[in-house]
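Novice: Sending over a structure as structure tokens; questions will come in a sec.
Just so it is clear, none of the values below were taken in a lab; they were calculated from the coordinates. What you see is a predicted model, and the numbers here were worked out from it, not measured in a lab. All Cβ positions, glycine included, derive from the backbone under ideal geometry; neighbour counts span all protein chains shown.
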Amino acid sequence: MKDGGILPGDTSRSYLRITPLILLFIAPFFGVALVFFLPLFGIGVFIALCLLMASSALSATASAAVRLCCDKRTSRAAVKERKYSGAYQPLRASFTGTQKRKTGKK
């Protein structure tokens with residue numbers, strides 16, 4: 001404040017007056033710090049995003065494995081009894097589960 005006056009705050013607060021010449025000397029160091037730390041921040045965000053995507057993929061894989069292992073149709077006993085055929089059948093569309101055997105007599 002060129003005209004004088006009271007600065008905001010109580011008496012325990014102190015202020016430092018910096019001349020424009022000193023400010024012109026200090027300002028490039030703030031620019032260097034920004035140029036140095038901004039890419040580090042970007043790399044950190046990229047790594048955090050990669051870790052988040054990897055953990056999401058792992059959790060999806062784990063939940064699919066648990067569903068597959070706990071499904072009654074895919075248990076070892078069901079496969080042995082031929083209730084569930086895990087054979088690859090590309091032209092078969094069975095949206096309700098396994099096909100029921102025909103028990104009708106002719």
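Novice: Let me check the size of segment 15-67 from its C-alpha atoms; what are the radius of gyration and Dmax in Å?
Specialist: Reported Rg and Dmax, both Å: 22.4, 70.
Novice: Let me ask something else about it. Using the count of nearby Cβ atoms within 10 Å as a rough guide to exposure, how do Thr11, Thr19 rank from fewest to most?
Specialist: Values: Thr11 5, Thr19 8.
With the sparsest Cβ surroundings first, the list reads Thr11, Thr19.
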